[in-house]
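Just below is one structure, and these are the notes that go with it.
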Protein chains: 2
Amino acid sequence: AGNGANGKWADALDLYEVDLDMYKENREKLVSKLKARDDVICKDNSIALFQGGPAPTRYDSDHEPIFRQESNFSYLFGVKEPDVYGVIELESGRTTLFFPKLPESYAIVMGEIRSAESFKKEYAVDDVRFEPELRSFIEDLDPKVIYTTRGLNKDSGIYAKEAHYEGVENHRVDNGTLYDVIVECRVIKSAREIALMRHINKISSQAHCWIMTQAQPGMREFQLESLFEHWGYFRGGCRHRSYTSICGCGGNGSILHYGHAGAPNDGIIEPDDMCLLDMGAEYKCYTSDITCTFPVSGKFSDDQRAIYEAVLDAQWTVMRAMKPGVSYVDMHTLAYRVILTHLSKLGVVKGDIDEMLAADLGAVFMPHGLGHFMGLDTHDVGGRAKGLPVQTRPGYTSLRCCATLEPGMVLTVEPGVYFNDYSLDKALADDKQAHFIDADALKRFRNTGGIRLEDDVLVTETGVENMTQCPRAVDDVEAVLAGKLDYTSTFKSFS
Amino acid sequence: AGNGANGKWADALDLYEVDLDMYKENREKLVSKLKARDDVICKDNSIALFQGGPAPTRYDSDHEPIFRQESNFSYLFGVKEPDVYGVIELESGRTTLFFPKLPESYAIVMGEIRSAESFKKEYAVDDVRFEPELRSFIEDLDPKVIYTTRGLNKDSGIYAKEAHYEGVENHRVDNGTLYDVIVECRVIKSAREIALMRHINKISSQAHCWIMTQAQPGMREFQLESLFEHWGYFRGGCRHRSYTSICGCGGNGSILHYGHAGAPNDGIIEPDDMCLLDMGAEYKCYTSDITCTFPVSGKFSDDQRAIYEAVLDAQWTVMRAMKPGVSYVDMHTLAYRVILTHLSKLGVVKGDIDEMLAADLGAVFMPHGLGHFMGLDTHDVGGRAKGLPVQTRPGYTSLRCCATLEPGMVLTVEPGVYFNDYSLDKALADDKQAHFIDADALKRFRNTGGIRLEDDVLVTETGVENMTQCPRAVDDVEAVLAGKLDYTSTFKSFS
Ligand SMILES: [Mn+2]
Ligand SMILES: [Mn+2]
């Protein structure tokens, strides 16, 4: 069926086969970290007990949103189904999954009722059983301690729910240790995780490049979101996005989380607009997070170029400075320094850069953090872990990663400059900040909106590897916009 | 920017502007129904109190899935933002919305902090205030009774959560009446609701027609899902789908809720497959629900055509019989009768049709209900309301609408024939059913999978209006598949 023009669509699919050893390695890493701790009892059949996410419904209706596995559970087991338990015996590392026991009649609604053997093959664990056996399985083991994950997610302020089943209360349960250890594991990505994340970044990068050739004045912002979703799913099998797409064109680009239900990317793109597109596909619960900003006209105006190059200089300067041992908080400051230096040359700010930094002028133009860990969550865990320096200054309080860099960390580098009225008016009314700002020069840029450039990088032994491959230099961006440089077909393949 | 080939993309957008009177009418209808009841006290400042859906986060992370308003709240107020309260004063119908009070600094993250006036203009209610005023507003009113919605959703078995705020416990609250009255309201659609639902059905119908021209062997099933999502969002501004898309090709077509996380439309389409695509776009929280089934080869085989025409005959026979006063339960039986008659001609079943119906043979081949109410939920409320006949027989227990038809009802008509191994093997092992089945003749069809045809109809004064416009007759389907009949451009417009 269908017309010949689409003969290539089946071939367009670029799926990535995850090596199941990735999850096995993750479990082994967790067990070895637990064994290394004085405060964890691994002997006498102690176990770590995990409960995957439940099947959701919307309010009181029978509408079932598509299930997305809880990230820790996905990290350890890679299980795509809801309502599953996982048990890791800490001495041996032996892993057993417990799937819900479905009545035979569900075969009509949900498909063939799968055997334990079939799940065992799919997930390469030591054993698979069904949920009604969980209680007696654990009672038979008679574990010294059951470790569960209750812990505070520092980005959301929400506590992770620990695993629970009827009967767990008869055992000694430690819910205060495991969460932090998993966080520690997740901060450093393994070679297999990195390979997968490179792939997802490739899919998302290609989608961004394609959209640059498709954006036109007169379109609604959400049409770009739709193009992105389609590329990711149709070509990459990415059914989920890493986060709600931010498609802020013109003034909307200055709203950091534009795109939410109250401001659903429904603006019309004007001929002179910059398009700030922050969109990332997700695959097998691993994320990507990329922002491109470009003039929909195809050509940067002088002012657009000036601000763009300030952001780009900040991004590249930071990436050149990043390597093991470097504090990411210092990188945040470095980005502010570069941005303020550019704004100073443009006459928007005036005075000594160090004094501006001391007066928190950086946060006026970039009121968010330079970046964050990225992995199974877009704002991945661990960036504000115990022992890391707590930030209190404007801009820095939004910095989701305050760690010292180590090889294997994956972070976003996403400096930006925004002309947000609230932020600017507040600075102009502040005695400590106003005298640094040339209000007249500023006026010229007020409607520029925002420019952000966001790449995802891996910290290596000597520096960083940029997993994102989108045009960044002004000439490259304009060439892609003009259709003269095909980033989607000449894309460097990592895999 | 971009190449000229896509100049039409901005024009491709077909948005529908909802008349705000739609929500006003819905509120007036609710109030007038409450006033007509003996057991409701409308005087002495009684109010109906509603709480919209909360802003969600995923597990403990700061990931925020895109908010979708709770259906009753959307029905009455059309508010797209989370965390809003609504108060309707029952004597006057006066309506006040209470939005969350956001700190000024949120302007950087969420966009301009909107004034009460701006929300009032957007939602055309009598007054808009902020949530901190809710308690004193209600205390000042000193209502005789506060009516809230706690009630059992009969499709999910889940209770609706009633509105709550700190202090409501100081008032007389009736949580047992309002829910049923809203259900009663929602069952009969107004002219404005119907116009909106026609529009959404048009968008979804077009998407289905387009996909028929794009499907090819070798594609993954989810690529068709992606095409559907893209058409709906890119052309129709439909950010949500009404339900998880079911793209069951070949044998997968016999799994009624295929497409869930455990079976995520990831099969590869084979050259001889029938594609059963059950997909519906959602717009402004109103749904559509359409199923097309077609041979990916472009041509029906004799067997495929025979089963297809059995289903089509059932669908059209039912639609011709539907009109006010007719029981939808009887329509379900009628569909069984037509299907069994066709299967009898094919030699798959043998014997007297009435005896087969008495032996529940219909449910062997169509183990789901003929259809359901559709509106703000795909499986809309009210189909199993109090007083309607409770079903106990196979197949009928899955019938989500047991009502007698009235003008203004919107329902799906979705007969199907499935060759589901579980269902067939069970029948062959059942003394009461096996003798009706010719096991040898059945073998020929075992791999046919499933065929379902689903249209969305409005009950009129004299019959039904079919809002769905997809090719149904075999010749039309084949013509669309061959690219000889363009259903997307010649689409009859309702609006
Ligand atoms: Mn980011
Ligand atoms: Mn349906």
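The values are calculated or read from the model by the stated rules, or taken from the named source; none is laboratory data. These numbers come from a predicted model, not from an experiment. Heads up, the Cβs are rebuilt from the backbone with ideal geometry, glycines too, and the neighbour counts pull from every protein chain shown.
Taking the conditions exactly as written (basic (Lys, Arg), buried (at least 17 other Cβ atoms within 10 Å of the Cβ), more than 14 Å from every other protein chain (Cβ to nearest Cβ) and not in a loop (DSSP other than H, G, I, E, B)), does B:ARG135 satisfy them or not?
Against the criterion (basic (Lys, Arg), buried (at least 17 other Cβ atoms within 10 Å of the Cβ), more than 14 Å from every other protein chain (Cβ to nearest Cβ) and not in a loop (DSSP other than H, G, I, E, B)), B:ARG135 does not qualify.
Could you say which residue among A:SER242, A:SER288, A:SER254 is of a type in the set (S, T, N, Q), within 21 Å of A:ASN420 (Cα to Cα) and buried (at least 22 other Cβ atoms within 10 Å of the Cβ)?
A:SER254
For region B:93-115, give me each residue that is within 30 Å of B:VAL145 (Cα to Cα) and under 33 Å from the mean Cα position of the chain (by Cα).
Selection gives B:GLY93, B:ARG94, B:THR95, B:THR96, B:LEU97, B:PHE98, B:PHE99, B:PRO100.
Would you please list the contacts, defined by Cβ atoms under 7 Å and residues six or more apart or on different chains, that run from a residue in region A:387-407 that is on the phi > 0 side of the Ramachandran plot to a residue that is modelled with pLDDT of 95 or more and in a loop (DSSP other than H, G, I, E, B)?
A:GLY395/A:ASP360; A:GLY395/A:MET366; A:GLY395/A:PRO367
Which of the following residues is more than 20 Å from B:GLU184 (Cβ to Cβ), more than 14 Å from chain A (Cβ to nearest Cβ) and either β-branched (Val, Ile, Thr) or surrounded by 21 or more Cβ atoms within 10 Å (Cβ to Cβ) (or both): B:VAL31, B:VAL40, B:VAL109, B:VAL87?
B:VAL87
Of all residues in region A:400-426, which are within 14 Å of chain B (Cβ to nearest Cβ) and within 15 Å of ligand 1 (Cβ to nearest atom)?
Passing the criteria: A:ARG400, A:CYS401, A:GLY416, A:TYR418.
Checking A:CYS238 against (1) in a helix (DSSP H, G or I); (2) touching a helix residue (DSSP H, G or I) at 6+ places or on another chain (Cβ under 6 Å); (3) more than 19 Å from A:ARG452 (Cβ to Cβ): exactly one of these is not met. Which one?
The single condition A:CYS238 does not satisfy is (1).
Is there a residue in region A:472-486 that is at negative phi, in contact (Cβ under 8 Å) with a residue 12 or more places away in the chain, touching a Ser or Thr at 6+ places or on another chain (Cβ under 8 Å) and away from ligand 2 (no atom under 16 Å from the Cβ)?
Yes: one or more hits.
Out of region A:43-84, which residues are acidic (Asp, Glu) and either within 14 Å of chain B (Cβ to nearest Cβ) or in contact with a helix residue (DSSP H, G or I) (Cβ under 9 Å, 6 or more places away or on another chain) (or both)?
Scanning region A:43-84 gives A:ASP60, A:ASP62, A:GLU64, A:GLU70, A:GLU81, A:ASP83.
Within region B:478-487, is there a residue that is under 26 Å from B:GLY325 (Cα atoms) and either of a type in the set (Ser, Thr, Tyr) or out of contact with any strand residue (DSSP E or B) (no Cβ under 7 Å at 6 or more places or on another chain) (or both)?
No.
Of the residues A:GLY251, A:GLY259, A:GLY267, only one is modelled with pLDDT under 95 and closer than 27 Å to B:GLU122 by Cα; which?
A:GLY251
For every residue, the table says whether it meets (1) part of a loop (DSSP other than H, G, I, E, B); (2) polar (S, T, N, Q); (3) in contact with a Pro (Cβ under 9 Å, 6 or more places away or on another chain).
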position	(1), (2), (3)
A:ASP60	yes, no, no
A:GLU81	yes, no, yes
A:GLY86	no, no, no
A:SER92	yes, yes, no
A:THR96	no, yes, no
A:ILE113	yes, no, yes
A:SER118	no, yes, no
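Pairs please, first residue from region A:279-293 and within 12 Å of another protein chain (Cβ to nearest Cβ) and aliphatic (A, V, I, L, M), second anywhere and part of a loop (DSSP other than H, G, I, E, B) and away from ligand 2 (no atom under 16 Å from the Cβ), Cβ atoms under 9 Å, 6+ apart in sequence or on different chains.
Going by the 9 Å Cβ cut-off, the qualifying pairs are A:ALA281/A:CYS238; A:ALA281/A:SER242; A:ALA281/A:THR287; A:ALA281/A:SER288.
Pairs under 6 Å by beta carbon, first residue among the small types (Gly, Ala, Ser) in region B:337-359, partner assigned to a loop (DSSP other than H, G, I, E, B), six or more apart or different chains?
B:GLY347/B:ASP438; B:GLY351/B:PHE436
Could you run through region B:257-268 and say how many residues are buried (at least 23 other Cβ atoms within 10 Å of the Cβ) and away from ligand 2 (no atom under 16 Å from the Cβ)?
Looking only at that region, the number is 1.
Could you run through region A:37-79 and say how many residues are free of Cβ contacts under 8 Å to residues at least 12 places away in the same chain and within 23 Å of A:ASP127 (Cβ to Cβ)?
Number satisfying all stated conditions: 0.
Out of A:GLU221, A:GLU193, report the one residue that is over 18 Å from A:ASP456 (Cα atoms) and of a type in the set (D, E, K, R).
Being over 18 Å from A:ASP456 (Cα atoms) and of a type in the set (D, E, K, R) holds for just one of A:GLU221, A:GLU193, which is A:GLU221.
Kindly indicate which of A:ILE200, A:ILE194 is hydrophobic (A, V, I, L, M, F, W, C), crowded, with 24+ Cβ neighbours inside 10 Å and more than 10 Å from chain B (Cβ to nearest Cβ).
None of the other options fit; the residue is A:ILE200.
Report, by residue number, each residue of region B:412-454 that is crowded, with 22+ Cβ neighbours inside 10 Å and of a type in the set (S, T, N, Q).
Selection gives B:THR412, B:ASN420, B:THR448.
For A:CYS292, only one of the following conditions fails: (1) touching a helix residue (DSSP H, G or I) at 6+ places or on another chain (Cβ under 9 Å); (2) at positive phi. What is its number?
Every listed condition holds for A:CYS292 apart from (2).
Filter region A:203-217 for residues that are within 17 Å of the chain's Cα centre (by Cα) and within 14 Å of chain B (Cβ to nearest Cβ) and give the result.
Those that are within 17 Å of the chain's Cα centre (by Cα) and within 14 Å of chain B (Cβ to nearest Cβ): A:ILE203, A:ALA207, A:HIS208.
Filter region A:158-189 down to the residues that are touching a Leu at 6+ places or on another chain (Cβ under 9 Å), farther than 16 Å from A:GLU139 by Cβ and in a strand (DSSP E or B) and list them by number.
A:ILE158, A:TYR159, A:ALA160, listed by residue number.
For the condition within 28 Å of B:CYS470 (Cβ to Cβ), of a type in the set (Asp, Glu) and away from ligand 2 (no atom under 16 Å from the Cβ), what is the one hit in B:GLU414, B:GLU406?
Step by step, each of B:GLU414, B:GLU406 is checked, and only B:GLU406 is within 28 Å of B:CYS470 (Cβ to Cβ), of a type in the set (Asp, Glu) and away from ligand 2 (no atom under 16 Å from the Cβ).
If only one of A:ASP302, A:ASP273 is of a type in the set (Asp, Glu), more than 9 Å from chain B (Cβ to nearest Cβ) and crowded, with 24+ Cβ neighbours inside 10 Å, which one is it?
Being of a type in the set (Asp, Glu), more than 9 Å from chain B (Cβ to nearest Cβ) and crowded, with 24+ Cβ neighbours inside 10 Å holds for just one of A:ASP302, A:ASP273, which is A:ASP273.
Which of the following residues is touching a Gly at 6+ places or on another chain (Cβ under 6 Å), more than 15 Å from ligand 1 (Cβ to nearest atom) and modelled with pLDDT of 95 or more: A:TYR336, A:TYR396?
Result: A:TYR336 is the single residue among A:TYR336, A:TYR396 that is touching a Gly at 6+ places or on another chain (Cβ under 6 Å), more than 15 Å from ligand 1 (Cβ to nearest atom) and modelled with pLDDT of 95 or more.
Scan (1) modelled with pLDDT of 95 or more; (2) surrounded by fewer than 23 Cβ atoms within 10 Å (Cβ to Cβ) for the single condition B:GLY232 breaks and write down its number.
(2)
Would you mind stating whether B:VAL311 is away from ligand 2 (no atom under 16 Å from the Cβ), aliphatic (A, V, I, L, M) and either in contact with a helix residue (DSSP H, G or I) (Cβ under 8 Å, 6 or more places away or on another chain) or touching a residue at least 12 places away in the same chain (Cβ under 8 Å) (or both)?
No; evaluated as a whole, the condition is false for this residue.
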